Structures are given as C-alpha cells and as structure tokens.
Amino acid sequence: MPMNKSRRWLRNLMLGSLVCIGLFIAMLATPLGRVFDRAISGHYNGMTVRYLRDGKLSWGERVQFIALYKLIAYAGYVVSPEGSAVISHFLWEGKGKDLYLTNTYIRTSPVITEQLATMKVGEVRRVSFKMAADYRLACALNPLNLRKEKDRVVIWQRIVFAHENRTYTRLEYGLGSILLLDAATHTLKPTPFTAYCSWNY
C-alpha cells in the first residue's frame, strides 16, 4: 500500500533534517567551523556591548539570548550538571534564593582534594584555578570559598557575573568553542545568589 502524501512529506522532512544536521556537525569539525565560532561570538558580544551602552534590547535580541542560555543550560548538563544548575538558578529558577549543589562529584574534584590535603582544620581558603584543572567544576564554581571543619567541608560562592566588556568565558562544545562576555547574562536581568556544597568526612 503506497504511502499517502502527508506521511511521505514527513519522512522526507525528517531525512532532510538529519542530513542538514549531519552536514552542519561535519562543517564544525573543519576550519570553516572556526569561522562559525567567531561569527557567533562576535554576534552575541556585539549585542551585549550595545546592551551595556544603551540598556535595552529588541524583542528579537532578547529571544536570541534566551535561546542561547537555554541551550547552554540543557546541553551543558552533559558536561557539568553543577554548572547547568548554577546558570539555570541564576537566570530563571532561583529568584535570589540560595542553591545547594549535590556533592557527588565536587567532593572528588582533583582541585578540591588537592586543596583539602594541605589545609588545617578551621582554615578558610579562597580557591581560583584554570579551567583545564577541572572543567566540570569550573563551569559551576570558579573561584570558590573552601572551609575545612573538624568533620565537614563547606564550599560556597556568591554567583554574580561581571557587568563590563572585559571578562569572557570560553564555552567548549567538543568541536570548537564560543567566547562569550560574562556580561551577556545581564541581558536577562538575573538575580545574584549564593551557591553551597558541603559533606561530612
């Protein structure tokens, strides 16, 4: 029995979409992908600079920033669930309330274990590190405050992004990276909050 026109149209649409996605991913792995990275970075950073100067966005620009940060939050969950939780809480969910991160990964982070090994009980340390040392943790908390108690470890950090055009974050996505101004978060009028993580030992 031949397929009706609507089923054939849907099948062709799905196949065409898969081919386009495949070609796009293949393109990102080539030098042309680096042109794409620079174009996206320039586009969003240009809008951010205009927002910092004028204090306003068009409806279309706001939609673009919402789409960008939704993508960062959802896709970023694969790389850093903690980082995804922080950005979602900062931009939409938190409303200024404290966030308590799960300690499952953070307590095993090489950055944290290395610091704790050289700390005395009662010591508080301000920790800042390169993203290469622990990319997953850096996506969530960098820098951070670390306190070693007698039988407990406490980490906390006030989450608020720079409001100027000199501080950038490099967002790695496997085939390339996007360089984005931290101030871009302010286009969505976020609310600062404090993130915590703790565990007993």
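If you take the residues in segment 167-201 that are assigned to a loop (DSSP other than H, G, I, E, B) and in contact (Cβ under 8 Å) with a residue 12 or more places away in the chain, which one is farthest from V127 (Cα to Cα)?
First pass over segment 167-201, keeping only residues assigned to a loop (DSSP other than H, G, I, E, B): 167, 173-176, 189-192, 201.
Checking the rest, the ones that are also in contact (Cβ under 8 Å) with a residue 12 or more places away in the chain come to 167, 173, 175-176, 190-192, 201.
On the way: T167: 18, Y173: 25, L175: 29, G176: 28, P190: 25, T191: 23, P192: 20, Y201: 20 Å.
Ranking the qualifying residues of segment 167-201, first place goes to L175.
Answer yes or no as to whether L13 is over 30 Å from R166 (Cα atoms) and modelled with pLDDT under 95. Break it down stepwise before answering.
Details: over 30 Å from R166 (Cα atoms): yes; modelled with pLDDT under 95: yes.
Yes: the conditions hold for L13.
Kindly indicate whether any position in segment 173-195 is closer than 30 Å to P31 by Cα, in contact with a Leu (Cβ under 8 Å, 6 or more places away or on another chain), loosely packed, with under 14 Cβ neighbours inside 10 Å and modelled with pLDDT of 90 or more.
Scanning segment 173-195 turns up no residue that is closer than 30 Å to P31 by Cα, in contact with a Leu (Cβ under 8 Å, 6 or more places away or on another chain), loosely packed, with under 14 Cβ neighbours inside 10 Å and modelled with pLDDT of 90 or more.
Cβ-Cβ under 8 Å, sequence separation 6+ or interchain: first residue in segment 37-55 and under 11 Å from L181 (Cα atoms), partner of a type in the set (S, T, Y) and part of a helix (DSSP H, G or I). Which pairs?
M47/T187; T48/T187
The values are calculated or read from the model by the stated rules, or taken from the named source; none is laboratory data. What you see is a predicted model, and the numbers here were worked out from it, not measured in a lab. Reconstructed Cβ throughout: ideal geometry from the backbone, glycine too, with neighbour counts over all protein chains shown.
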